[in-house]
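Enquirer: I am attaching a structure below and will ask some questions about it afterwards.
Each reported figure results from applying straightforward, stated rules to the coordinates on display, with no laboratory input. As the structure is a prediction and not an experimental result, all values here were calculated from the model. FYI the Cβ positions are ideal-geometry reconstructions off the backbone, even for glycines, and counts take in every protein chain you see.
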Ligand code: NAD
Ligand code: WQD
């Protein structure tokens, strides 16, 4: 039994990863301040996995006393570090908050890990560090060129972790650069439940489908893509979760980075069409002005992780939209929906 500290374990990707870890016999300790999640997510994690997490420490990762207590209270073998703020637009308005939460917290986490002889780290990075690139598909040799404080915070963290691994050879870490994680756990117990108006296309579309919002605005119909709308590499959140579990088993020495994507691009209208076909629900969608900062196409070259670990994403677009809809239908109000209402498999 290995004990893994999961920071941000109640969040979208963190909660799905906790289930994956529990199902593979890891003990899981979570630190989360619930600033962008609900404690309900962890209740659902335990129900989905059929066993409890070892401990929850509610609080801010920047709180040094809390961090010390966490490492002193559990025999932690490895850390998966998800906790961060992730809204690109908000990061432009609140750069110092983003650097504080995303970068400073990572530095204190590394210090505390080293002080307690914990030497294995999996870090949440993002395809957003590649910035305004025209390269398609993108492999890890693409020079990062982040264009906003959020993306820069992830790029800074990668560098900080790489420098720490150089200085402390006992430390080993990987940064996983996720492309566009979507979908939900197949049980319908867990899914994406953003606070306020969703920034991302998939949760927005789910809220349109369930009737909470009147229409999906498609940002830009004049991009140089097949149907004029932006193309992204959507990846099922359970594949992202699986990638973290596999990464834990592969940590051996030094620092490395890997894309987590499928290598398959889907346009916004393609995503809408796939959802309508798989779930038999019509989405009112209207093409509007472009959103500032969007690039026409972002698609991963997933070859490096396939070559190094033999790892590939296993879910297709049909599973992504089906599982996202299954969660939304069973939980029309997200995690506010009573647990007893949620059961069953996706149809
Ligand atoms: P999320 O907001 O759902 O999860 C983040 C979790 O961290 C939340 O539970 C939040 O309450 C917690 N948290 C935030 N600040 C904290 C703090 N100071 N102390 C303690 N807990 C704190 O986000 P997510 O989509 O699950 O993303 C997880 C990670 O993956 C983030 O680092 C994000 O930048 C990265 N990422 C996400 C995506 C995506 O599209 N979802 C893509 C690439 C990378
Ligand atoms: C996808 C496409 C939009 C909403 C973001 C972050 C990135 C990473 C992944 C964290 C784009 C279009 C969107 C809507 C739309 N996250 N869209 N209507 O921008 O590719 O990436 O999530 O690291 O950093 O920037 O994802 O879901 O916001 O947008 O038409 O209401 O959907 O213009 O083309 P994005 P997204």
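Enquirer: Could you tell me how many degrees, from 0 to 90 and to the nearest 10, lie between the Cα long axis of helix 237-250 and the main elongation axis, the longest principal axis, of the Cα atoms of the chain?
Expert: 30
Enquirer: Starting from the 7 Å offset along Cα-to-Cβ, what nm value, one decimal, do you get for the label separation of residue 306 and residue 114?
Expert: Between residue 306 and residue 114, the simple spin-label model gives 3.7 nm.
Enquirer: Another one. Could you give the alpha-carbon Rg of the range 118-170 over 2.2 N^0.38 Å, rounded to two decimals?
Expert: The value comes to 1.27.
Enquirer: Can you tell me the 0 to 90 degree angle between the C-alpha axis of helix 317-330 and the longest principal axis of the chain, rounded to 10?
Expert: It is inclined by approximately 90 degrees.
Enquirer: Assuming 1.567 mPa s and 4 °C, estimate D for the range 201-281 with Stokes-Einstein, Rh taken as the Kirkwood radius over Cα pairs, in µm²/s.
Expert: Translational D for this selection: 86 µm²/s.
Enquirer: Okay, moving on. Could you sort the peptides 92-99, 147-154, 191-198 by per-residue average Cβ neighbour count (10 Å cutoff), highest mean leading?
Expert: On the way: 92-99: 15.1, 147-154: 22.5, 191-198: 17.9.
So the order, starting with the most tightly packed, is 147-154, 191-198, 92-99.
Enquirer: Write down the Kirkwood hydrodynamic radius of the range 48-204, to one decimal in angstroms, obtained as one divided by the mean of 1/r over all alpha carbon pairs.
Expert: The answer is 17.4 Å.
Enquirer: From the P(r) of the chain, could you give the percentage of C-alpha pairs in the tail past 36 Å?
Expert: Tail of P(r) above 36 Å: 15 percent of Cα pairs.
Enquirer: Now for a different question. Considering every Cα-Cα pair within the range 91-146, what fraction, in whole percent, is farther apart than 15 Å?
Expert: Numbers: 972 of 1540 pairs.
Distances greater than 15 Å cover 63 percent of the Cα pairs.
Enquirer: Starting from 0 in steps of 5 Å, tell me what percent of the Cα-Cα pairs of the range 250-294 lands in each bin.
Expert: 5, 13, 15, 16, 14, 12, 7, 8, 7, 4, 0
Enquirer: Per DSSP H run of n ≥ 4, the term is -39500 (n - 2.57); total these for the chain, divide by its residue number, and report the mean residue ellipticity at 222 nm rounded to 500 deg cm²/dmol.
Expert: Computed mean residue ellipticity for the chain: -11000 deg cm²/dmol.
Enquirer: Using the Cα gyration tensor of the range 201-347, with a ≥ b ≥ c the square roots of its eigenvalues, what is the shape: rounded (a/c below 1.5), prolate (a/b larger than b/c) or oblate (neither)?
Expert: oblate
Enquirer: I'd like the orientation of helix 12-23 relative to the chain: the angle between its Cα long axis and the longest Cα principal axis, in ° from 0 to 90, rounded to 10.
Expert: 60
Enquirer: With no solvent and one point on each alpha carbon, what is the Debye value of log10 I(q)/I(0) for the range 144-218 at q = 0.12, 0.19, 0.21, 0.25 Å⁻¹?
Expert: -0.57, -0.92, -0.99, -1.13
Enquirer: Normalised by the number of residues in the range 3-336, what is the relative contact order in percent for Cα pairs under 8 Å and 6+ residues apart?
Expert: RCO, the range 3-336: 20 percent.
Enquirer: Oh, and also: If only Cα atoms are counted, what is the Rg of the range 65-112, and what is its Dmax, in Å?
Expert: Using the Cα atoms of the range 65-112, the pair Rg, Dmax is 13.0, 39 Å.
Enquirer: Then there's this: Run the simple label-point estimate for residue 69 and residue 282 please: 7 Å along Cα→C-beta, distance reported in nm.
Expert: Computed distance between label sites residue 69 and residue 282 equals 5.5 nm.
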